[in-house]
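Everything below concerns the one structure shown next.
The values are calculated or read from the model by the stated rules, or taken from the named source; none is laboratory data. Computed from a predicted structure; not experimentally measured. Here Cβ is always computed from backbone atoms with ideal geometry, including for glycine, and neighbour counts include all displayed protein chains. Surface accessibility is based on the protein's heavy atoms, side chains included, excluding ligands, DNA and RNA. Shrake-Rupley method; radii C 1.70, N 1.55, O 1.52, S 1.80 Å.
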Amino acid sequence: MPVFDHPDFDHHQQVIHGCDAASGLRAIIAIHDTTRGPALGGLRIYPYASEADALTDVLRLSRGMTYKSALADLPLGGGKAVIIADPRRDKTPELLRAMGRLIDSLGGRYITAEDSGSGEADMRVIAEVTPHVGGLDRDGSSGDPSPWTALGVFHAMQSAVYHGLGRAESEDQFAGLRVALQGVGHVGTHLARRLHDAGARLVLADVDRDAVTRLAGELEAEMVAPEAIVDAEVDVFAPCAMGAALTPEVVRRLKARVVCGAANNQLAHAEVAGQLQARGILYTPDYVANAGGVIEIAWQRRDDARPEAVMAHIAGIGTTLDEIFARAAQEGRSPAPVADDMARERFEAG
Ligand code: NAD
């Protein structure tokens, strides 16, 4: 399987395949760029149909982390790890320790954290054999990053609502604003509560009917079927479920003038950014908006971590987006390529 000639190779510094026969480990660690610091990125455990699928996924995710950390102003590079396994069936302590030894062999160039298929308990097992693990609170409490991610998306939305709808940041910036949330899982729930507290009127959808019914009751929100959420008569559409939520078909249907959510890789393909722009819909680059979790993980690694400092850093997501939106307006481009350019300016400069 070609690595250097892979369409997503994009100058990765290192791609490591790891195998441990005793535990059944088959893993790939991709280190995209370490110019700004060690490569931080989650560990995904997923039963990929093929090794080629795993390689494509890890290369894309790892590259994305470089961009995310650069625009979040973190002294970190981008990397990612995948284990080809079913997390429900194959995830044993032996497998995780073998992964930990592979991570350890890189001497800190790659730092792991939770991702889909791996949770905080798994990070604790990996931490038995390597110190290069993020996403664990030092005092032993939950390392769940989703409240921080939601806080970051909230700040991102403040910026987007100003630039896209002309409503300046103030106490009542969100009063009466209608926001549709696609997905009320970990991040979506925290975000919905924040928006409700700020006076927004919410329209919620989730394939998990119980979860959405509960939250809609709590927040006196409207509830619609998952397939109808993109048609909701709202000001802001917040994708907080799966990737590729924004397809050409969805863009045609959206009533919202602003898109701002937590989901990774929201654009089904790069051209969708231009289609959003052509319809006058302001798109908030996903990896900028959803960096709150990684910012918090980065702070946990410091000796001077304080909640106020973490919150101030996360609030900086709004300032970064002000810059992106202003530059996009000035250059007549979509905020998506503008964010990519700004990230490259940062990590290529070191
Ligand atoms: P989650 O799994 O807790 O929540 C996702 C929710 O979306 C679930 O409730 C699921 O039922 C729902 N869903 C799935 N398909 C749907 C559909 N078609 N329509 C409506 N709802 C649907 O995940 P999460 O941790 O809340 O993350 C949400 C998104 O944000 C993901 O894309 C994730 O990659 C991204 N993200 C999360 C974090 C974090 O801190 N958790 C950080 C960065 C990015």
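Quick check on this structure: which one of 117, 78, 100, 135 is at pLDDT below 95 and open to solvent by less than 10 Å² (accessible area, probe 1.4 Å)?
Working: 117 fails: open to solvent by less than 10 Å² (accessible area, probe 1.4 Å); 78 fails: at pLDDT below 95; 100 fails: at pLDDT below 95.
Selected residue: 135, the only one of 117, 78, 100, 135 that is at pLDDT below 95 and open to solvent by less than 10 Å² (accessible area, probe 1.4 Å).
Would you be able to tell me the number of residues in the stretch 210-227 that are on the phi > 0 side of the Ramachandran plot and assigned to a strand (DSSP E or B)? Walk me through it before giving the result.
Within the stretch 210-227, the first condition is being on the phi > 0 side of the Ramachandran plot, and the residues that meet it are 220.
After this cut, where a residue has to be assigned to a strand (DSSP E or B) as well, the list is none.
Result for the stretch 210-227: 0.
What residue, among those in the stretch 231-246 that are in contact with a helix residue (DSSP H, G or I) (Cβ under 7 Å, 6 or more places away or on another chain) and open to solvent by 10 Å² or more (accessible area, probe 1.4 Å), is nearest to residue 188 (Cα to Cα)?
Applying the filter and picking the extreme gives 240.
Within the stretch 234-263, restricting attention to residues that are part of a loop (DSSP other than H, G, I, E, B) and farther than 24 Å from residue 201 by Cα, which residue is farthest from the ligand (Cβ to nearest atom)? So that I can check it myself, show each step before the final result.
Looking only at the stretch 234-263, we keep the residues that are part of a loop (DSSP other than H, G, I, E, B), and these are 234-235, 240-245, 247, 254-257, 260-263.
Still in the list and also farther than 24 Å from residue 201 by Cα: 243-244, 247.
Working: 243: 6, 244: 10, 247: 12 Å.
Out of the qualifying residues, it is 247.
On the basis of being more than 16 Å from the ligand (Cβ to nearest atom), surrounded by fewer than 24 Cβ atoms within 10 Å (Cβ to Cβ) and within 18 Å of residue 66 (Cβ to Cβ), does residue 270 make the cut? Break it down stepwise before answering.
Values: more than 16 Å from the ligand (Cβ to nearest atom): yes; surrounded by fewer than 24 Cβ atoms within 10 Å (Cβ to Cβ): yes; within 18 Å of residue 66 (Cβ to Cβ): yes.
Spelling it out, residue 270 is indeed more than 16 Å from the ligand (Cβ to nearest atom), surrounded by fewer than 24 Cβ atoms within 10 Å (Cβ to Cβ) and within 18 Å of residue 66 (Cβ to Cβ).
Mind checking which residues of the stretch 276-298 are open to solvent by 20 Å² or more (accessible area, probe 1.4 Å) and either out of contact with any helix residue (DSSP H, G or I) (no Cβ under 9 Å at 6 or more places or on another chain) or more than 10 Å from the ligand (Cβ to nearest atom) (or both)?
277, 278, 279, 280, 282
When the stretch 299-308 is examined, which residues are found to be over 17 Å from residue 43 (Cβ atoms) and either among the charged types (D, E, K, R) or within 13 Å of the ligand (Cβ to nearest atom) (or both)? If you could, list the steps in order and put the result at the bottom.
Filtering the stretch 299-308 for residues over 17 Å from residue 43 (Cβ atoms) gives 299, 302-308.
Across the stretch 299-308, the qualifying residues are 302, 303, 304, 306, 308.
Go over the candidates 176, 188 one by one and state the one that is outside any loop (DSSP other than H, G, I, E, B) and under 17 Å from residue 237 (Cα atoms). Give the steps one after another, and end with the answer.
Numbers: 176 fails: outside any loop (DSSP other than H, G, I, E, B).
Criteria check complete, one pass: 188.
Given the conditions (1) within 19 Å of residue 319 (Cα to Cα); (2) in a loop (DSSP other than H, G, I, E, B); (3) open to solvent by less than 50 Å² (accessible area, probe 1.4 Å), and given that residue 169 satisfies all but one, which numbered condition is not satisfied?
So residue 169 meets the others, but not (3).
State which residue is most open to solvent (accessible area, probe 1.4 Å) when the search covers only the stretch 307-326 and only residues that are small (Gly, Ala, Ser) and either modelled with pLDDT under 95 or closer than 15 Å to residue 151 by Cβ (or both). Walk me through how you get there before you give the answer.
Taking the stretch 307-326 as the starting set, the residues that turn out to be small (Gly, Ala, Ser) are 309, 312, 315-316, 318, 326.
Of the ones still in play, those that are also either modelled with pLDDT under 95 or closer than 15 Å to residue 151 by Cβ (or both) are 309, 312, 315-316, 318.
Values: 309: 15, 312: 64, 315: 36, 316: 25, 318: 9 Å².
If we take residues in the stretch 307-326 being small (Gly, Ala, Ser) and either modelled with pLDDT under 95 or closer than 15 Å to residue 151 by Cβ (or both), then 312 is most open to solvent (accessible area, probe 1.4 Å).
Looking at the structure I just gave you, is residue 209 without any contact (Cβ under 8 Å) to a residue 24 or more places away in the chain, more than 21 Å from residue 321 (Cβ to Cβ) and in contact with an Asp or Glu (Cβ under 6 Å, 6 or more places away or on another chain)? Give the steps one after another, and end with the answer.
Numbers: without any contact (Cβ under 8 Å) to a residue 24 or more places away in the chain: yes; more than 21 Å from residue 321 (Cβ to Cβ): yes; in contact with an Asp or Glu (Cβ under 6 Å, 6 or more places away or on another chain): no.
No.
Can you tell me which condition residue 203 does not meet? The list is (1) within 10 Å of the ligand (Cβ to nearest atom); (2) of a type in the set (A, V, I, L, M, F, W, C); (3) under 20 Å from residue 258 (Cβ atoms), and all the others hold.
Every listed condition holds for residue 203 apart from (1).
Among the residues that make up the stretch 143-157, is at least one of them farther than 16 Å from residue 296 by Cα, assigned to a loop (DSSP other than H, G, I, E, B) and among the aliphatic types (A, V, I, L, M)?
Scanning the stretch 143-157 turns up no residue that is farther than 16 Å from residue 296 by Cα, assigned to a loop (DSSP other than H, G, I, E, B) and among the aliphatic types (A, V, I, L, M).
Keeping to the stretch 19-39, report how many residues are in a loop (DSSP other than H, G, I, E, B), in contact with a Leu (Cβ under 7 Å, 6 or more places away or on another chain) and not charged (D, E, K, R). Break it down stepwise before answering.
Our first condition is that a residue be in a loop (DSSP other than H, G, I, E, B); within the stretch 19-39, this holds for 21-24, 34-38.
Checking which are in contact with a Leu (Cβ under 7 Å, 6 or more places away or on another chain) leaves us with 23-24, 36-38.
Of the ones still in play, those that are also not charged (D, E, K, R) are 23-24, 37-38.
Counting residues in the stretch 19-39 that are in a loop (DSSP other than H, G, I, E, B), in contact with a Leu (Cβ under 7 Å, 6 or more places away or on another chain) and not charged (D, E, K, R) gives 4.
Quick check, is residue 187 open to solvent by less than 60 Å² (accessible area, probe 1.4 Å) and within 8 Å of the ligand (Cβ to nearest atom)? Even if it seems obvious, please write down each step before you answer.
Numbers: open to solvent by less than 60 Å² (accessible area, probe 1.4 Å): yes; within 8 Å of the ligand (Cβ to nearest atom): yes.
So residue 187 fits the description; yes.
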